[in-house]
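The values are calculated or read from the model by the stated rules, or taken from the named source; none is laboratory data. What you see is a predicted model; the values in this text were computed from it and never measured. Quick reminder, even Gly has a Cβ in these numbers, built from the backbone with ideal geometry, and neighbours come from all protein chains shown.
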Number of protein chains: 2
Amino acid sequence: MSENKVLFLPDDVKVKIPVGQTILQAASKAGIVLRGACGGGGACGRCRVQLKKGRLSFAGTGKLPPEESEKGWILACQAVPKGEVTVFAPESSRLSEHRVLLEGRQAGVLAATAEGVAEPAPLFRRQVVKLVAPTLADNTDDYGRLVWALEHEYGIRNVRISRQVLAELPGTLRESDWHVAVELAVVDDCLEIQGVRPAAGQVSVFGLAVDIGTTTVAVELVDLDTGEVAGTAGAYNRQAAYGDDVIARIINAVEMPGGRVKLQEAVRETINGLVTELLETRSLDRTQVRAVVCAGNTTMVHLFLGLDPTYIRLEPYVPSVNMPPPVKAAELGLEVNPEAWVYCLPGVASYVGGDITGGVRVTGMAGEKALTLFLDIGTNGEMVLGNREWLMACACSAGPAFEGSGIACGMRAIPGAIEAIRVVDGGFEVLYNTIDNRKPTGICGSGFIDLLSSLFEAGVIDRSGRFVPGLETPRVRGGEEGREFVVAWAGETGHGADITVTQADLQNLLRAKAAVFAGVRTLLASLGLEIGAVERVFIAGGFGRFINARDAITIGMLPDVPLQRYKYVGNSALKAAGLGLLSQKVWEEIKEIARRITNVELSVGNKFMEEFVSALFLPHTDIKLFPSTQKGT
Amino acid sequence: MSENKVLFLPDDVKVKIPVGQTILQAASKAGIVLRGACGGGGACGRCRVQLKKGRLSFAGTGKLPPEESEKGWILACQAVPKGEVTVFAPESSRLSEHRVLLEGRQAGVLAATAEGVAEPAPLFRRQVVKLVAPTLADNTDDYGRLVWALEHEYGIRNVRISRQVLAELPGTLRESDWHVAVELAVVDDCLEIQGVRPAAGQVSVFGLAVDIGTTTVAVELVDLDTGEVAGTAGAYNRQAAYGDDVIARIINAVEMPGGRVKLQEAVRETINGLVTELLETRSLDRTQVRAVVCAGNTTMVHLFLGLDPTYIRLEPYVPSVNMPPPVKAAELGLEVNPEAWVYCLPGVASYVGGDITGGVRVTGMAGEKALTLFLDIGTNGEMVLGNREWLMACACSAGPAFEGSGIACGMRAIPGAIEAIRVVDGGFEVLYNTIDNRKPTGICGSGFIDLLSSLFEAGVIDRSGRFVPGLETPRVRGGEEGREFVVAWAGETGHGADITVTQADLQNLLRAKAAVFAGVRTLLASLGLEIGAVERVFIAGGFGRFINARDAITIGMLPDVPLQRYKYVGNSALKAAGLGLLSQKVWEEIKEIARRITNVELSVGNKFMEEFVSALFLPHTDIKLFPSTQKGT
């Protein structure tokens, strides 16, 4: 027997795997994304599944308590099936439905968006030309005739052609009576002629804008002739099986045998799954997809392209490449037209990637006079400060607190997460909203910001984030790990247990918010600027969508400028990919922005640590920095 | 049985061929090049072989007389073996040893040659850089660091890199302690980074200059580090099995099933055979060959690249491409480094190819003030007239007379060919030289020019090329096809038969010389110039090597300018390929020359036909055009 079978319940999906592969690998093949913060090492204990039938040839139990392993609970990453097995994979072990940010350009309201569409010249496009048939008096070569027509009619210069396309050119030109559509793809400073076809009877062509997030992947299918979004789809990044964050992914890519290939495969299969879904529902053929633009952080781009990510993680944090070359889809295994070029938005540094560069383009800040701050907060808080004169970026390691990780009741922004909180009545009552109005099962990032702000305003915690002694509310109590505050009682929750925040959690959140603010201050300080100079603040990314700017200012995370200066830009990485796909001009602008941005390493020659320590208070050691909060306290 | 076997005698070479293939195809596989002027159609009767053993499943006899077919003589192109057969292939059916023009650049004496070597920047080259290791204060991406160093140290801009090379970059940089050799290939306006290797312990790298002639192929192996020629080799173009001239080749490529592929295969195998020979004798590996530059006429380039040659042959004579893109060696099946780029010198028109453009560069005429005529005479007489201000080209169909074809005793310039002739004593005596001093077996092109001139000067023929009636010499006699002149008596010859020239042959030669001169006159006339304006005449190609300019003027083929204005430039196509290989600057200059040359079609709107008719006399209707010949007549 050279393969084993695994049946997953309650999904009722059966897959075959080679002998020796784990149930975690089988799950990935089945499209079931199990949690795996430790990258399959058996350490985090999150990929719990229950063996219902069959035997295992190996079953490390890792951290599982004996009473669980007695009931058949195993760690999927440690269990190797023998023959055919049936397992139950509970919701708690899965990365459940997530709000993948899909809003496309049509939802955008920014000038930049309109501009990109107003002057469309997609990275793949077709130009129709009617050539004058040759005569003895005008018998230049077929290719020369074509090139001349492209320049004469469309001002296109610097084209190139492959031998294969050239080999079919004379026949096509004559069969179509010299009336042809020329398929052009932008490559470096050239336009590559990918095909020449009779002008009549052309099929529609499409492009993909892809946001390769560490957690989720979003794909937008765009009609390259009309510029319209034909569909969107999103899913978890299957790399999740190899760790939650970029550091774990890099370690797995570098240290696991065949790691680089496996990580590349995982994200490729994620994208291919989405593309197949989008094409099937529209009855399109994969060969109609002629260009792909991807936005992702530097690690995601390295893993997607199969590049060496080793030195991203190690001081002095050097990526292989910031501005990756376009690569043919066939080489990457993307299930689109094999000749399609795949472009990745250029990044700036190991922790300031193409998603950020693209975001800057979407805001339009790089071309305007107003001093603007662009913020994308996730595990890393990435930010860019500047205007048309200069652009500076930094990444501060905020830690995973805002992503719901490392905190007892933290969770991602998925249904059931508490996303908004108000502590009232001096700490006696808590009002909250959950995503999709489900019963709460945890608190996501925006909820934590509200909570911190609200606990502070209600006097439950002090400026250093510590519980004020002697409060009479039953919500503050002693827990297993010290004092804690009960946000939701067991009776209200989806899992029947209290949802609490501990003193340790609060310190964790304080560090996260301090890192973000210290980053902002350091950027400003390096140019001798004060917070008041910031004329606009753009917040990007999924986390930013639910954030309450007022609360974020109250806790001293975001700069204290009038709220009307704040603007949410949505999934700016996906938007940027779409804009670049539809406009060679925008694509060039994004490259120019990447070249312009100066990266500031927060660990060298600047005051980041000092700023960080000062920011470990609510709102700050120097409360004059947050004048709007002083009225309230 | 799915294949047959053919043993060739006297070579004693046995090959296997698929069922259905002919003995001609088997011969090609065995490296035996049989004559085949008709391209395998059974019409020319030149590929005679004698069946010694075995049976045939098909044996068309074509033009063979019954007494021959009774003795087992068959036409190789018509004979399909059944099982195993043995055949004898006589010398008379073979394209025998030919003087392939191999003289390399080291033999050159032209300024252009020295210039090319003085400033070497080969199309593939290596640049060694020592990078500064990254620090936190300077942690740009690895690729960016490399690009910066190339620009800073060598002024190199506009580089590009593939994903595959990028994937290995970080490891190589660190293992080599940031001291690396960067392998660069010129592609269009870019330099492609083909590899990055530790600076220490580099192997030598080589390039190939290839002259793809219709008849012969010559290859020069060049050390790209030193610019030295490491070896040369030449052979018949195996396409000879598909016809003698470009027209027959095109017809076969277009009309024979799979023709384009077969013709491409034939020339590829010719080149691969030569390359393997050159590499083996020097114990070099094919991966050390990193660039290939080919020069050939437009048809040869099309067939080598597998492009569609159909419209080269049909009015209005349009090639697929004049300036072909570089193609990877792997795609063409060349047995060198698969990543090596193969460049073809750019041509001007269907009958003015890259060999001519390259020749113009070798003469240096495109950059000089003197009005210069460049002539390459073969089946087509191709010529370029001009200077640094302008360049005009034309091709006149001289017919194959000068190549020894279509003339009873004509032969190519191979051992035994009469290459120089003097008719003395009023036609009673003939003095001649043969190539390699063998007994004569025929007359080659240069011999015919001498003969025409000499017969005219001796009064044997009149101005219209007709035998003067009433001559008493026994050398003029009535033959099967009218009157003829005996050049060599049976007793002197290598085959024991008289070598003669008939009245029809003389008319044939007259038309050939008239076509060349009419071409020159038409080019001059289109600019209102007289022959005396020509300050230099460069003669190129194998035929040109043996030509006697004085005799060529006497018969009115070449312009009557002082002999010191004539210069022989050898195999200028091969020289140009070598120069382009070693110098990106020269390569760009050749492209510029191709763009500058204006092609004149001799069949439209000019006086070519009128000039041609006027030139059908010795030396010309208007003898004032040949003042130097008037003294003698």
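Computed values, structure above
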read-out: Top-ranked residue in the stretch A:622-631 [being surrounded by fewer than 19 Cβ atoms within 10 Å (Cβ to Cβ) and outside any helix (DSSP H, G or I); ranked as farthest from the other protein chains (Cβ to nearest Cβ)]; value: A:Lys631
read-out: Answer residue from the stretch A:372-390, given it is among the small types (Gly, Ala, Ser) and more than 20 Å from A:Glu592 (Cα to Cα) and is surrounded by the most Cβ atoms within 10 Å (Cβ to Cβ) among those; value: A:Gly381
read-out: Matching residues in the stretch A:160-177 - criterion: being surrounded by 17 or more Cβ atoms within 10 Å (Cβ to Cβ), more than 8 Å from every other protein chain (Cβ to nearest Cβ) and out of contact with any Gly (no Cβ under 8 Å at 6 or more places or on another chain); value: A:Thr172, A:Leu173, A:Ser176
read-out: Pairs, first on the phi > 0 side of the Ramachandran plot in the stretch B:13-32, second modelled with pLDDT of 80 or more and surrounded by 18 or more Cβ atoms within 10 Å (Cβ to Cβ), C-beta under 8 Å, six or more apart; value: B:Gly20/B:Val80
read-out: Number of positions in the stretch B:444-472 that are under 32 Å from the mean Cα position of the chain (by Cα) and either among the polar types (S, T, N, Q) or over 25 Å from B:Phe612 (Cα atoms) (or both); value: 3
read-out: Single condition B:Thr554 does not satisfy, out of (1) within 24 Å of B:Arg475 (Cα to Cα); (2) surrounded by fewer than 21 Cβ atoms within 10 Å (Cβ to Cβ); value: (2)
read-out: Of residues in the stretch B:233-252 being assigned to a helix (DSSP H, G or I) and more than 19 Å from B:Lys29 (Cβ to Cβ), the one nearest to the chain's Cα centre (by Cα); value: B:Val246
read-out: The stretch A:267-287, residues that are part of a helix (DSSP H, G or I) and of a type in the set (Lys, Arg); value: A:Arg268, A:Arg286
read-out: Count of the stretch B:495-513 residues which are over 23 Å from B:Thr621 (Cα atoms) and either of a type in the set (Ser, Thr, Tyr) or part of a loop (DSSP other than H, G, I, E, B) (or both); value: 5
read-out: Subset of the stretch B:228-267 that is of a type in the set (D, E, K, R) and under 29 Å from B:Ala398 (Cβ atoms) - its residue that is surrounded by the fewest Cβ atoms within 10 Å (Cβ to Cβ); value: B:Glu255
read-out: Residue identified as without any contact (Cβ under 8 Å) to a residue 60 or more places away in the chain and crowded, with 24+ Cβ neighbours inside 10 Å among B:Val321, B:Val348, B:Val362; value: B:Val321
read-out: Those residues of the stretch A:304-353 which are away from chain B (no Cβ under 11 Å) and either within 15 Å of B:Gly171 (Cα to Cα) or acidic (Asp, Glu) (or both), in sequence order; value: A:Arg313, A:Glu335, A:Glu339
read-out: Candidates B:Ala121, B:Ala181, filtered to the one that is more than 13 Å from every other protein chain (Cβ to nearest Cβ), surrounded by fewer than 22 Cβ atoms within 10 Å (Cβ to Cβ), within 21 Å of B:Val342 (Cβ to Cβ) and aliphatic (A, V, I, L, M); value: B:Ala121
read-out: Filter result (surrounded by fewer than 24 Cβ atoms within 10 Å (Cβ to Cβ) and more than 21 Å from B:Gly354 (Cβ to Cβ)) within the stretch B:197-223; value: B:Arg197, B:Pro198, B:Ala199, B:Ala200, B:Gly201, B:Gln202, B:Val203, B:Ser204, B:Val205, B:Asp223
read-out: Residue match in the stretch B:355-372 (condition: within 14 Å of chain A (Cβ to nearest Cβ), at pLDDT 90 or above and touching a Pro at 6+ places or on another chain (Cβ under 9 Å)); value: yes
read-out: Residue pairs meeting the criteria (Cβ under 8 Å; at least 6 apart or on separate chains; first facing another protein chain (nearest Cβ under 7 Å) and under 17 Å from A:Asn599 (Cα atoms), in the stretch B:133-149; second of a type in the set (Lys, Arg) and part of a helix (DSSP H, G or I)); value: B:Pro134/B:Arg145
read-out: Filter result for the condition that a residue is within 26 Å of the chain's Cα centre (by Cα) and crowded, with 21+ Cβ neighbours inside 10 Å, over B:Ser603, B:Ser572; value: B:Ser572
read-out: Flag if B:Pro440 is in a loop (DSSP other than H, G, I, E, B) and within 32 Å of the chain's Cα centre (by Cα); value: yes
read-out: Number of positions in the stretch B:514-525 that are in contact with a Lys or Arg (Cβ under 9 Å, 6 or more places away or on another chain) and surrounded by 17 or more Cβ atoms within 10 Å (Cβ to Cβ); value: 3
read-out: Scan of the stretch A:555-596 for residues that are of a type in the set (A, V, I, L, M, F, W, C), out of contact with any Phe, Trp or Tyr (no Cβ under 8 Å at 6 or more places or on another chain) and within 19 Å of A:Val516 (Cα to Cα), ordered by number; value: A:Val561, A:Leu563
